Structure formats: C-alpha cells, structure tokens
Amino acid sequence: MKKYFLITGLVIVFSSLAVFRAAAQNIDFSEDFSKYQIGATPRSIKTNGAATIARPTGQEGKWLSLQDNITYKLNRPASLPKSFIFEFDILAQAEQIKDMSPISFGFVKDNAAREYISNGGAFVQLHYYDADAVNIGNYDLSKEANTKFDLSATANRPLHVKLVVSGTQMAVYLDNTKLSDTVLFQPGSARYFYISGPNQSENGAKLFISNLKIAGS
C-alpha cells in the first residue's frame with residue numbers, strides 16, 4: 001500500500017512539473033493595440049509616465065505613443081526565458097530624423113517601471129541625430145559595439161526590429177539586416193523588455209511602436 005501511494009505521489013509530482021514546464025515555455029505574445037480606443041492606456045504596458053494609443057498620420061493600425069524621457073515595459077510578471085524571438089515595429093515621424101535624440105531598448109533584470117532607462121542591460125541604441133549610428137552592448141559585461149545603419153531612410157515609415165536571444169547570445173536585426181550577434185547576457189540573468197523614448201524631440205518629431213510579438217526560438 002505504501003508503495004502504491006509513493007508511486008501515485010511521484011506521478012502527481014511529475015505531472016505537475018510537466019504542466020508547469022509547458023506553461024513556462026508558452027511565451028507566445030502578440031500586441032498590435034487594435035482592441036484599444038485612441039487615447040486609451042493599454043493594459044499590456046507599464047510605464048513611469050504616460051502610455052497612450054494613437055493613430056499616426058499616414059499609417060495603418062494603432063500605435064503606442066512614446067513620450068520623451070519615459071520608459072515602457074510589458075505588464076508581464078514573468079521573466080522571458082533563455083531563448084526567444086522578440087519583434088516589433090518602430091515609427092519615427094519627423095521632418096528629418098536628426099530632430100530626435102537617441103532611443104534605447106533591450107532587456108533588463110527587473111520589470112520595475114520607476115525611472116527612465118538609458119542603455120540598461122542588454123541594449124540597442126538608435127542614434128537618430130547621427131542619422132546612421134547604432135550602439136549595441138551591455139555595460140555590466142563591459143561590452144559595447146558601434147555599427148552603422150541608415151536611420152535617415154526610416155523616417156516616417158515603420159522600422160522592423162527583431163531580437164533573437166539564445167542563451168547568453170543576442171542577434172540584432174533592423175529591417176532583416178543583421179547588425180550584431182554576440183554575448184550580451186550573464187548566465188541565468190532575468191530578461192525583461194524595455195524601450196525608452198528619446199531625451200528630446202524637436203520640430204514636432206514623434207516616436208511610436210506597435211506589432212509586438214514574442215515567440216520561442
């Protein structure tokens with residue numbers, strides 16, 4: 001009888017672990033803000049400032065308007081796993097791309113939305129005012145690489161971003177052009193997505209994001 005209860009208990013434990021593991025691996029996520037009204041605050045986003053849904057002039061769909069000096073994160077309590085693919089679109093509306101100061105995005109160790117983040121964790125920084133400079137790195141690892149991409153050509157049209165994370169590595173793609181594939185994470189570190197608006201925008205320049213997707217790699 002004791003043997004029966006032991007076997008039954010082990011079956012229950014392993015079944016529970018399998019369910020938990022499957023749930024943990026189910027990271028699929030998609031957000032295009034279509035279910036929100038213009039001017040609404042999306043429940044999927046947390047921030048230290050204002051999060052507002054907008055429809056940018058000349059663009060299809062709905063977008064999250066990013067304010068200057070404000071950081072945005074996903075309202076998801078669990079850290080992303082060791083390996084995944086994160087994609088989204090950025091829209092910089094401006095008379096010229098140099099009207100916008102740099103923006104940064106990437107993955108940090110916690111999901112608190114208390115303050116503005118610039119180049120935190122494993123980061124990508126788009127230097128709009130330089131028109132073609134992109135910085136990729138992680139200062140905790142004393143790593144930073146400077147590369148080139150024609151940001152001026154992305155003014156007033158969506159720029160597609162794809163971040164492919166595999167263990168400690170992260171590959172960075174802009175419009176399907178690979179800019180980097182290098183170690184950007186410490187082993188076992190938590191991974192929470194963030195994106196920060198520019199420090200300053202001039203001449204009515206505005207920044208938006210939409211079409212966020214997460215999938216297992």
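The values are calculated or read from the model by the stated rules, or taken from the named source; none is laboratory data. As the structure is a computational prediction, the values presented were derived from the model and not from experiment. Every residue, glycine among them, receives a Cβ derived from its backbone with ideal geometry; neighbour counts consider all protein chains shown. Heads up: the accessible areas ignore ligands, DNA and RNA and are worked out on the full protein's heavy atoms, side chains in. Shrake-Rupley method; radii C 1.70, N 1.55, O 1.52, S 1.80 Å.
Listed values, structure above:
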{"read-out": "Qualifying residue in segment 178-188 (condition: touching a Phe, Trp or Tyr at 6+ places or on another chain (Cβ under 8 Å) and among the hydroxyl-bearing types (Ser, Thr, Tyr))", "value": "no"}
{"read-out": "Scope segment 176-200; condition touching a residue at least 24 places away in the same chain (Cβ under 8 Å) and outside any strand (DSSP E or B); matching residues", "value": "184, 185, 186, 189, 190, 191, 197, 198, 199, 200"}
{"read-out": "Subset of segment 203-217 [part of a loop (DSSP other than H, G, I, E, B) and under 24 Å from residue 115 (Cβ atoms)]", "value": "205"}
{"read-out": "Filter pass, residue 92 being assigned to a strand (DSSP E or B), touching a residue at least 12 places away in the same chain (Cβ under 8 Å) and not charged (D, E, K, R)", "value": "yes"}
{"read-out": "Residue 214, sole failed condition from (1) touching a His at 6+ places or on another chain (Cβ under 8 Å); (2) over 14 Å from residue 134 (Cβ atoms)", "value": "(1)"}
{"read-out": "Residues of segment 128-148 satisfying the condition of being open to solvent by 30 Å² or more (accessible area, probe 1.4 Å) and of a type outside the set (D, E, K, R)", "value": "129, 139, 141, 142, 145, 146, 147"}
{"read-out": "Any hit, segment 110-122, residues being among the β-branched types (Val, Ile, Thr), over 18 Å from residue 192 (Cα atoms), touching a residue at least 12 places away in the same chain (Cβ under 8 Å) and not in a strand (DSSP E or B)", "value": "no"}
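Listed here are the residues, each with its yes/no results for (1) at pLDDT 95 or above; (2) polar (S, T, N, Q); (3) more than 16 Å from the chain's Cα centre (by Cα).
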{"site": "55", "(1), (2), (3)": "yes, no, yes"}
{"site": "58", "(1), (2), (3)": "no, no, yes"}
{"site": "61", "(1), (2), (3)": "yes, no, yes"}
{"site": "68", "(1), (2), (3)": "yes, no, yes"}
{"site": "72", "(1), (2), (3)": "yes, no, no"}
{"site": "80", "(1), (2), (3)": "yes, no, no"}
{"site": "86", "(1), (2), (3)": "yes, no, no"}
{"site": "91", "(1), (2), (3)": "yes, no, no"}
{"site": "95", "(1), (2), (3)": "no, no, yes"}
